[in-house]
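Structure first, then comments.
The values are calculated or read from the model by the stated rules, or taken from the named source; none is laboratory data. The shown structure was predicted, so the numbers you read here are calculated from the model rather than taken from an experiment. Note: ideal-geometry Cβ built from the backbone for every residue, glycine included; neighbour counts use all protein chains shown. To get the accessible areas, we keep the full protein, side chains included, count just its heavy atoms, and leave off ligands, DNA and RNA. Shrake-Rupley method; radii C 1.70, N 1.55, O 1.52, S 1.80 Å.
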Amino acid sequence: MSAPTPNNIPASEFSLPFTILAIQPDDLSSRQAESFTVVLLRYDEKPEVRTGLDLEAIGDLAAADASGPLLAAYGPEDHLTERLWQIAAGIDAVVLDVRLLARILLPGLRDYERATVERCVEPKTSGTGDALKTAVLCRVLLDLLASQHPDTVETLILLAEGTGTGLERLLARMTVQAARTVQTARPAGLGGNGSRKDIPSTSGESPSIAHTALGPPTIGDGSCDTDEADGDLDPMDTEELARMFETGGLFESSMEGYEQRPQQVSMVRSVACAFNDGEVLLVEAGTGTGKSLSYLTPALIWAVRNDQRVIVSTNTRNLQEQLFYKDLPFLLENLGLPFRATLLKGRSNYLCLDRWRQVTRRPADHLTAEEREAAIPLAVWARETQTGDISEHAGFNRGAGAGLWEKINGEGTACPRCVLKEACFVNRVRRAAMASHVVIINHALLFADLQSDHAVLSRYSHLIIDEAHNLERAAVQHLTLEVGGWRMRRVLGRMHAPEWGGTGVLAGLDRLAKKAADNLDWKTPLEAGTRMAIDRITEVNRRIEDFFRIASDEAFGQSDDGSVRRTKLRYRAEDEYAGILKSSARVLIEGLAGLRESLGMLHATLDQVHDSWLDDRESRGNAIVAAMDFCSAMEEALFVLTEANEGERVYWVEAARSQPLSCVLTAAPLRVADRLHDDLFRPLRTAVLTSATLTVGDRFDYQLERLGLDRIDPRRLQVRGIGSPFDYADQVLVCVPAAFPTPRSDAFQDSVSRLILDLVVSTMRSTLVLFTSYTQLNRTYQDIEPDLAEHGVAVLAQGTSGPRSALLDRFRRSDTAVLLGTDSFWEGVDVPGKALEMVILVKLPFAVPTEPLVQAQVERLEDAGRNSFFEFQVPEAVIKFRQGFGRLIRSTRDYGVVTILDQRVVGTAYGRLFLESLPAGSEIYPDADGLVEGVTYWFRARDKRRVERGTYIT
């Protein structure tokens, strides 16, 4: 059956004779849809819409097109993809995922939902229906594909070759057409004679595509002299600075809806004084204070006035990007200061152009078929990006493409021997950081720089640390030593992997040696050297598997529970387990040393090969040197981990049954306070540390000791507790049921599930439920999901319903939803308004006492005669508890309820410390039913009052 055709879609100028058949199931909810809408869009005609077709009719329609149609769907599900391939099997047709085409051709979009892509390319159609939209998008993207630089198309062809994808067939079809076109049209691409580079453009220029710009990692055109020696410093006028934030000041005139917040003005004064007087400032500023502008404004003014750099470190990428893409551009526009700021990340975030060039010139030498397919969305981005920062490309699945990204990112590259020094993304952004007044980094890079004696950032005198409650944890993580079987295998796989006929640098050299003529002097030594290195990698891989199998089996042998799938075992130098590790590791260390020796000899052999045969000698040599460095690092790490004799470290092994290569050996520092004081804080002139959760019981003592700040000269150390501008007494209800099973009770789980279900059904409010274990989270999900689904409430569970970012996006968009999260969801979740009106804290977030690092911390304090529970376990849990509470109120217009289901907050002395740490009082209800009734009444009263006042939250 034909449907009306929109009359405002111009015929495409695309020169290839494709007929696009865009296909959409009529019932999107069914995996076994039998009825489809199809839009036929020929390159020189208007679209034709047909509805109610089954697969047989679609096959007949496709077979009738002599040119070989293109069967298009937008991000088809696996079952639909399989059916489209069945149609294409008997005819000369191409199956194409239009979403994949968008991911390739439009790097830099926020996401690749159809609506986002449509806004980007602005297809000229007023028609409705997903199939029609897919057809038009497909045609626009095909135009864009045909207009790509010939080198980019060549890269796409090489990567797609052998993957068996629709894109491979599409590019092959384009290549054939190019060979025909070049005979009668102007030369296209870089060459003639129908080569792969002869891909025709549809017109003299690319289609107008307004996708998100892939901009540089710097803003502002100022320049900072990196000579930071203190001379005659120009202090800021603290009161003048404070007036910018007051009523009638700069920010009120430049920011819509701005309200003066006394807490923010107080923090601005404190930060300005810290810069003026060379202080170390620890400042707790509650949610809503406006911390980022409070420290960025004085930091920028100080940096520009005194030509000095300020480093700003955050714990999360979200805050890092908020500072750079939101706050700093606002200040650049309104402060009138000639500053420059740079966003700087760790090496692993950036594409290495040298590695990318190697793998795309000879994909078969370096990449598996899966890795080649994962690399396809990077081809256009790699040519267009100005930063090389992979986070700007949402179309690349870094999780699925982890093996590929390890082969092409900037971490572990044999610098400074890089052949692309000036073009290297890492070098470029670091040069920019050297000339910037403010450099935005994260805590991981802060400690990487510290460990390398400031090789990344060079020396600096002023440091601001946001999310400072995570600083100690970040320091421990960075100073932790880990060796795992899979990682060793993956890194050595860059040199050689046997899959797909052999991939990696050595596989390419082996093919080169075999191809060379017998009379060439270097053929035999190269062939022998390469074969020796490959044989030794094969042997090392065998020894890796043997070592980690022994480590895993012995760890499970000492486990008390023979049924567990994973185990974690702490060990000491005197333990039998450590002796077994030491004996087993000796063989692996010897193998790594032998491999390192053979790679060194091979590296020397490359000098004998003539340039005409080895035009990328330096790149391959760099890869070999990087592998040698890795072997050396692993030898040293294995020695440390198996000796296990450093008293200030804790050692453990984590293993999974039947997966020996997933076994990981770990050594973590027990105390980082001295290192933080001596290496980080003592050399600084100014340090500002801030967070919404730094105190325990209104005291800073815990953080001061853990961060080594208690050793700072008291005359330089300042602590401030500023509070929040929110009216928590009015905006939030904190409640606890008095009669409720304890966490150790058998009835606790059922009671938790029932209370969550009753609360949500009674109030119909979007709710975040925070757990301390995946086991309880998963059980609760199973308990409540069916019943809430009947009430139209979506239940989303961490680890079940998708990745963290996708979960939060779905949660924000849902009318009423319940999100179940653990650990990482206790902080960093920012969902203002009606999208989040209830937070339920199931248990107090104490660390698992059997965790090796927690065990060792407890022992260290107890051995010193101190109370580890009150001096370590309780403070850590209180800080995390406060972070969980902070997920609820994100603006002055928010209101909601925090429910605590752990009886210890009312039944124990230490539990009351948790309630006292909150900025709002608590309401104790007699039981669960009374709590549900009270919360429901509270919401009704608040809703009614908001309506009466004419204020609403969205």
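What is the one condition in (1) under 33 Å from the mean Cα position of the chain (by Cα); (2) farther than 20 Å from VAL438 by Cα; (3) surrounded by fewer than 13 Cβ atoms within 10 Å (Cβ to Cβ) that GLU239 does not satisfy? Single failed check for GLU239: (1). Figure legend. Inter-residue proximity from the stretch 418-430: first residues surrounded by fewer than 19 Cβ atoms within 10 Å (Cβ to Cβ), second residues in a helix (DSSP H, G or I), beta-carbon distance below 7 Å, spacing 6+ or different chains. Indicated pairs: VAL419/ASP354; VAL419/GLU618; VAL419/SER619; LEU420/LEU353; LEU420/ASP354; LYS421/ASN427; ALA423/LEU353. Within the stretch 696-742, being at pLDDT 95 or above, within 24 Å of ARG904 (Cβ to Cβ), outside any strand (DSSP E or B) and within 34 Å of the chain's Cα centre (by Cα) holds for ASP701, TYR702, GLN703, ARG706. State whether the residues of the stretch 695-702 include one that is among the hydrophobic types (A, V, I, L, M, F, W, C) and either in contact with a Cys (Cβ under 7 Å, 6 or more places away or on another chain) or surrounded by fewer than 18 Cβ atoms within 10 Å (Cβ to Cβ) (or both). The answer is no, given that none of the residues of the stretch 695-702 is among the hydrophobic types (A, V, I, L, M, F, W, C) and either in contact with a Cys (Cβ under 7 Å, 6 or more places away or on another chain) or surrounded by fewer than 18 Cβ atoms within 10 Å (Cβ to Cβ) (or both). Looking across the stretch 631-648 at every residue that is open to solvent by 20 Å² or more (accessible area, probe 1.4 Å) and in contact (Cβ under 8 Å) with a residue 60 or more places away in the chain, the one that is farthest from LEU492 (Cα to Cα) is identified as ASN645. Within the stretch 133-172, being of a type in the set (Lys, Arg) and outside the structural domain of ARG99 (by the TED database) holds for one residue alone: ARG169. Check the stretch 615-627 and report whether any residue there is open to solvent by 60 Å² or more (accessible area, probe 1.4 Å), modelled with pLDDT under 90 and on the phi < 0 side of the Ramachandran plot. Checked against the condition, which is being open to solvent by 60 Å² or more (accessible area, probe 1.4 Å), modelled with pLDDT under 90 and on the phi < 0 side of the Ramachandran plot, the stretch 615-627 yields at least one hit. Looking across the stretch 278-314, the residues that are open to solvent by 10 Å² or more (accessible area, probe 1.4 Å), of a type outside the set (Gly, Ala, Ser) and not in a loop (DSSP other than H, G, I, E, B) come down to GLU284, LYS291, LEU293, ILE301, VAL304, ARG305, ASN306. Entry remark, the stretch 607-625: residues being without any contact (Cβ under 8 Å) to a residue 40 or more places away in the chain and either farther than 15 Å from LEU506 by Cα or among the hydrophobic types (A, V, I, L, M, F, W, C) (or both) number 4 in total. Contact annotation: residue pairs with Cβ atoms under 9 Å, 6 or more positions apart or on different chains, pairing a residue in the stretch 931-946 that is assigned by the TED database to the domain that holds LEU759 and among the polar types (S, T, N, Q) with a partner that is modelled with pLDDT of 95 or more and open to solvent by 40 Å² or more (accessible area, probe 1.4 Å), are THR936/SER762. Residue check: is GLU554 of a type in the set (D, E, K, R), outside the structural domain of LEU853 (by the TED database) and either in a helix (DSSP H, G or I) or at pLDDT 95 or above (or both)? Spelling it out, GLU554 is indeed of a type in the set (D, E, K, R), outside the structural domain of LEU853 (by the TED database) and either in a helix (DSSP H, G or I) or at pLDDT 95 or above (or both). Consider the stretch 904-929 and keep the residues that are more than 36 Å from the chain's Cα centre (by Cα) and open to solvent by less than 40 Å² (accessible area, probe 1.4 Å). The one that is modelled with the lowest pLDDT is THR908. Within the stretch 331-346, is there a residue that is among the polar types (S, T, N, Q) and surrounded by fewer than 17 Cβ atoms within 10 Å (Cβ to Cβ)? Within the stretch 331-346, one or more residues are among the polar types (S, T, N, Q) and surrounded by fewer than 17 Cβ atoms within 10 Å (Cβ to Cβ). Just one of the numbered conditions (1) at pLDDT 95 or above; (2) part of a helix (DSSP H, G or I); (3) farther than 30 Å from VAL564 by Cα is not true of GLN782: (3). Within the stretch 517-528, can one find any residue that is basic (Lys, Arg), modelled with pLDDT under 95 and not assigned by the TED database to the domain that holds LYS880? Yes. For PRO875, indicate whether it is at pLDDT 95 or above, in a loop (DSSP other than H, G, I, E, B), open to solvent by less than 20 Å² (accessible area, probe 1.4 Å) and not assigned by the TED database to the domain that holds THR316. Taking the combined requirement at face value, the residue does not satisfy it. A Cβ distance below 6 Å, combined with a sequence gap of six or more or placement on separate chains, defines the contacts here; from the stretch 848-861, residues that are farther than 24 Å from PRO743 by Cα and touching a residue at least 60 places away in the same chain (Cβ under 8 Å) reach residues that are of a type outside the set (Ser, Thr, Tyr) and in a loop (DSSP other than H, G, I, E, B) in the pairs ALA856/LEU670; ARG860/LEU670. Touching a Lys or Arg at 6+ places or on another chain (Cβ under 6 Å), part of a helix (DSSP H, G or I) and surrounded by 19 or more Cβ atoms within 10 Å (Cβ to Cβ): does that describe SER598? For SER598, the condition - touching a Lys or Arg at 6+ places or on another chain (Cβ under 6 Å), part of a helix (DSSP H, G or I) and surrounded by 19 or more Cβ atoms within 10 Å (Cβ to Cβ) - is met.
For VAL898, all conditions in the list (1) in contact (Cβ under 8 Å) with a residue 24 or more places away in the chain; (2) in contact with a helix residue (DSSP H, G or I) (Cβ under 8 Å, 6 or more places away or on another chain); (3) in a helix (DSSP H, G or I) hold save one; what is the number of the exception? All conditions are met except number (3). If you filter the stretch 878-901 down to residues that are among the polar types (S, T, N, Q) and over 18 Å from LEU819 (Cα atoms), you find that the one that is surrounded by the most Cβ atoms within 10 Å (Cβ to Cβ) is THR892.
Checking each residue in the stretch 1-32 for being at pLDDT below 65, touching an Asp or Glu at 6+ places or on another chain (Cβ under 8 Å), surrounded by 18 or more Cβ atoms within 10 Å (Cβ to Cβ) and not aromatic (Phe, Trp, Tyr) picks out only SER12.
Does ARG675 count as open to solvent by 10 Å² or more (accessible area, probe 1.4 Å), more than 29 Å from the chain's Cα centre (by Cα) and touching a residue at least 12 places away in the same chain (Cβ under 8 Å)?
Taking the combined requirement at face value, the residue does not satisfy it.
For (1) of a type in the set (Lys, Arg); (2) within 16 Å of GLU384 (Cα to Cα), each residue gets a yes or a no:
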site	(1), (2)
ALA93	no, no
LEU100	no, no
ARG103	yes, yes
ASP111	no, no
THR134	no, no
CYS138	no, no
THR152	no, yes
LEU156	no, yes
THR165	no, no
